[in-house]
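Reading through the structure tokens given below for one structure.
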Amino acid sequence: MSHLYFWCRSVLAGLGAVSAVLFAGGAGAALPVYGFKVVASYPHDTRAYTQGLFYLDGSLFESTGQVGQSGIRRVRLKDGVVLQSQAISPGMFGEGMVNWGQELISVTWQDRVGFRWDLKTLALKSTFSYPGEGWALTQNGVDLILSDGTPVVRFLDPRTFRERRRIRITAEGRPVANLNEIEWVNGEIFGNIWQTNLIARIDPKTGFVKGWIDLTGLPETLRRRDPDAVANGIAYDAKLDRLFVTGKYWPRLYEIDLKPKGAAR
């Protein structure tokens, strides 16, 4: 499929996401909105169409998308150097990724093919199939958690990828779709809303959005020259309680502290 197709999909789906968020969150009075303070910033590969991101044992792990450019990688945080990488089949569009045990598990957009990689070597171990689209992937220590772009998020058996349960994501009763990258953070699901600067904070039991994080103000949100260069990528260092965010093709990755909206940065 052409890049024009993907760009059109991006714009149309993004508009749907914006409408859902604004409609639900005309609710701003009811749902808290968080701003941020930048604690540190690090180099990020401007060729990386970031799909999945997480932090583990001192390294960032990132999956990238676009047909012919999709892959997985281990990245050194301090300077953005890619330490290891593996390409995904050139005909596939890579999406989210997460760790489980001694493996990395990644999914594809519409190919319905998932991959299991060796955590240490990034060597491909096996493939598997699943129904529907794959967008984002995280885990809570018990389940894999998958977004497929709809308001439904599924909790899956890490061994079999079979569904255990599902939740419907809503904000003030309105469905919220287009969770394009998700991360488990202190018992919540954080999710980038595609084509916006917003991250939803989601209750994993009910699917209710508890609040929004607005990344507007980061340099890349103020001068977006490429329509694909949207905020996407959340990583959490649980040991040091550090939250990282970035975007597709962004030159920087940011460590941020959350602040009430309007607080000084």
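Values for this structure:
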{"quantity": "Selection from Ser70, Gly35, Gly91, by position along the positive dipole direction of the chain (Cβ)", "calculated": "Gly35"}
{"quantity": "Charge dipole magnitude, Cβ of K and R +1, D and E -1 - the stretch 120-201, Cα centre, debye nearest 20", "calculated": "280 debye"}
{"quantity": "Total charge dipole magnitude, the chain, about the Cα centre, Cβ charges on Lys, Arg, Asp, Glu only, Debye to nearest 20", "calculated": "140 debye"}
{"quantity": "Table column - 3J(HN,Hα) (Hz), the stretch 157-167, Karplus curve with 6.51, -1.76, 1.60, x for Gly and Pro", "calculated": "5, x, 7, 9, 6, 7, 6, 9, 6, 8, 10"}
{"quantity": "Exposure proxy ranking, count of Cβ atoms within 10 Å, fewest first, for Leu53, Leu240", "calculated": "Leu240, Leu53"}
{"quantity": "Karplus (6.51, -1.76, 1.60) ³J(HN,Hα), θ = phi - 60°, over the stretch 30-47, in Hz, Gly and Pro reported as x", "calculated": "8, 9, x, 10, 10, x, 7, 10, 6, 8, 7, 9, 9, x, 9, 5, 6, 9"}
{"quantity": "Amide H partners (placed H, <5 Å) of Asp143, local residues excluded", "calculated": "none"}
{"quantity": "The chain: proportion of alpha-carbon pairs further apart than 26 angstrom, %", "calculated": "34 percent"}
{"quantity": "Mean residue ellipticity (222 nm) of the chain, computed from DSSP H runs ≥ 4 via -39,500 (n - 2.57), nearest 500", "calculated": "-3000 deg cm²/dmol"}
{"quantity": "Positive-end residue, the chain charge dipole about Cα centroid, Cβ charges, pick of Leu156, Asn186, Val81", "calculated": "Asn186"}
{"quantity": "Amide H contacts under 5 Å for Phe93, placed H, 5+ residues apart", "calculated": "Trp109, Gln110, Asp111"}
{"quantity": "Built amide H within the under 5 Å cut-off of Asn232, gap 5+", "calculated": "Thr246, Gly247, Lys248"}
{"quantity": "Cross-link partners of Lys248 among aspartates and glutamates (Cα-Cα below 15 Å; sequence separation of 8 or more within a chain)", "calculated": "Asp45, Glu62, Glu95, Glu181, Glu220, Asp226, Asp228"}
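All of the numbers you see were taken from the coordinates with simple rules; none came from a lab. None of these values were measured; they are calculated from a predicted model. Counting neighbours? That spans all protein chains shown, and the Cβs are built from the backbone with ideal geometry, glycine included.
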